Amino acid sequence: MRKLLLFTLILCFFAYEADAQHRRRRSTFGKKKPPYRYEMIGMLGAANFLGDLGGANQIGTNGIKDLEYVLTRPSLGFGMRIKVQQFISLKGNLVCGIVRGDDKLTLEEFRHKRNLNFRSPLVELSGQLEFNFIKEQKGHIYKIKGVRGMQHKDRQIYLFVGGGGLYFNPQGKYIDGFWYPLHQYHTEGVNYLRVTGILSAGGGFRFAINRYWGIGFEFGMRKTFSDYIDDTSTNYADPSIFNGDPKAIYFANPTDQSVPGYCYPCVGEQRGDHTDKDAYMFGMFTVGYKVMYRKRSRSKF
C-alpha cells in the first residue's frame, strides 16, 4: 500500500505541475483558455482474469499466457477526463465488471484435478494519467457554405498509467448448482481483505464525431496487491478447522477423489501460487461528451 500511495502522489505532482505550467503560458502570452477541458465518458466492454485458476495447458505459466477467452465477461463504467495540457490529460474512472476462473478448462494435470472455480464482481475506482501523441487540429466551429479552411479535428492515440482501489467478492459453485461467497468459509484458513490497491497501464484511441461527441476504444491491464481475488493463494488447510461444514470442506478441496494420483485431503500441500499477485484486464468501447465553455453573447445587465 505504501508503493500505491507513493505512485499516486507522484502522478498528482506531475498533473499539478503540468496544469500550473499551462496556466502560466496562458497568462504570459495572453492565450484564451481552450474551448473545453472536461469530458464525460461512458464505457462498455469486457473483462478477463489472470490468476491461479484455469489457464494454459502447461505448468508454471503466469500472466497473459493463462488467458481464457471463453471466460470473458461484461463490464461497464463511467469517467471524467480533464485536459491538463495539449498532450496530457487526467481521468477518473468508476468501472464495474465480472471475472471468472475454472480449472476444468485447462488440460494441465495439476490444475485440472484441483477442480477449483470462482466468479467475482469487481468495482474499481481509479485515476489515470494519459499521454496523447497527436495534436488536436483546431479549425472552424461551424460549417458555413462557401467558407474554406481547416476543419476542426480531434483524433487521439494515447497511453496511460494510473492506480486506485478495487473491491472484489469471490464466489464458488457448489454441487447443488448455486454460487456461494467463499470469503466466509476461509478455505485456506486465512481471513483476507476484499479491498485492495491496483496499478494500471494501457492505451487507446478516440476520435471526434463532432465538436461535442467522440467515440473510441481503450485496453488496460490491472495488477493488484492481492492474491485472493480467486480465493486461491497458498496451501490446503486441515479440514478439521471447518467444524464439519460440508460447503467449507468442499470449497477448500473439491478434488474428485476418484481421480488416481492426486492427494486428498492434501493438508499443507500447494493449492495456489502466492508468488504472483492476481491481475485482470478491461477492453472498453467509450463514448465521450465534451463540456464546452459558453461565451457570453451580450451584457449581463
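The values are calculated or read from the model by the stated rules, or taken from the named source; none is laboratory data. Keep in mind the model is a prediction, meaning the values are calculated, not measured. When we count neighbours, we look across all protein chains shown, and the Cβ atoms used for this are built from the backbone with ideal geometry, even at glycine.
Tabulated data
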| read-out | value |
| --- | --- |
| Identity of the residue in region 87-141, charged (D, E, K, R), assigned to a strand (DSSP E or B) and within 26 Å of PHE251 (Cβ to Cβ), that ends up modelled with the lowest pLDDT | ASP102 |
| Which listed residue is modelled with pLDDT of 95 or more, assigned to a loop (DSSP other than H, G, I, E, B) and among the β-branched types (Val, Ile, Thr), from ILE175, ILE144, ILE215, ILE229 | ILE229 |
| Residues of region 174-203 classified as crowded, with 16+ Cβ neighbours inside 10 Å and not aromatic (Phe, Trp, Tyr), total | 11 |
| Considering residues of region 250-268 that are hydroxyl-bearing (Ser, Thr, Tyr) and at pLDDT 80 or above only, the residue nearest to HIS112 (Cα to Cα) | THR255 |
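Here is a yes/no grid of residues against (1) among the hydrophobic types (A, V, I, L, M, F, W, C); (2) part of a strand (DSSP E or B); (3) surrounded by 13 or more Cβ atoms within 10 Å (Cβ to Cβ); (4) at pLDDT 90 or above:
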{"position": "PHE49", "(1), (2), (3), (4)": "yes, yes, yes, yes"}
{"position": "LEU53", "(1), (2), (3), (4)": "yes, no, yes, no"}
{"position": "ALA56", "(1), (2), (3), (4)": "yes, no, yes, no"}
{"position": "THR61", "(1), (2), (3), (4)": "no, no, yes, no"}
{"position": "LYS65", "(1), (2), (3), (4)": "no, no, no, no"}
{"position": "PRO74", "(1), (2), (3), (4)": "no, yes, no, yes"}
{"position": "GLY79", "(1), (2), (3), (4)": "no, yes, yes, yes"}
{"position": "ILE82", "(1), (2), (3), (4)": "yes, yes, yes, yes"}
{"position": "GLN85", "(1), (2), (3), (4)": "no, no, yes, no"}
